[in-house]
1. Which of the peptides 12-25, 40-53 is most tightly packed, and how do the rest follow, judged by the mean count of other Cβ atoms within 10 Å per residue?
2. Tell me, what is the per residue accessible area of segment 1-72 in Å², probe radius 1.4 Å?
3. Just want to confirm a number: the relative contact order over segment 11-69, from Cα pairs under 8 angstrom separated by 6+ residues, in percent.
Amino acid sequence: MLPIDPQADIGRRAWAPCPTCRTHETCDSCRDGRNCADHWRYLLSNTGSLLHLQCPGCTDVWDHETGFGATRSGLGRLLRRALGPG
């Protein structure tokens, strides 16, 4: 289990599903697309529409592409798809 990132700030939160603990699957608010008080994630940083998040529950760290606003270039997406996860 990773420690909580030193840059994590409860004032910078995001509501995105955690790919590891998947708590959003059993929460009515999360399933309905509402922001619930329990299943927020630390927003560590962002680059355009790509969010760098950490789950306060399981401490997993991951990137989440929102597809909203200033999305990253198509070339970057193609490279990531070709290289695979990790």
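The values are calculated or read from the model by the stated rules, or taken from the named source; none is laboratory data. Everything quoted here is computed from the prediction, not taken from an experiment. Because the Cβ atoms are built from the backbone with ideal geometry, glycine has one as well, and the counts that use them run over all protein chains shown. The protein model used for the area step is the full one, side chains on, heavy atoms only, and it has no ligands, DNA or RNA in it. Shrake-Rupley method; radii C 1.70, N 1.55, O 1.52, S 1.80 Å.
1. The densest-packed peptide leads the list: 40-53, 12-25.
2. Per residue, segment 1-72 has an accessible area of 63 Å².
3. 29 percent
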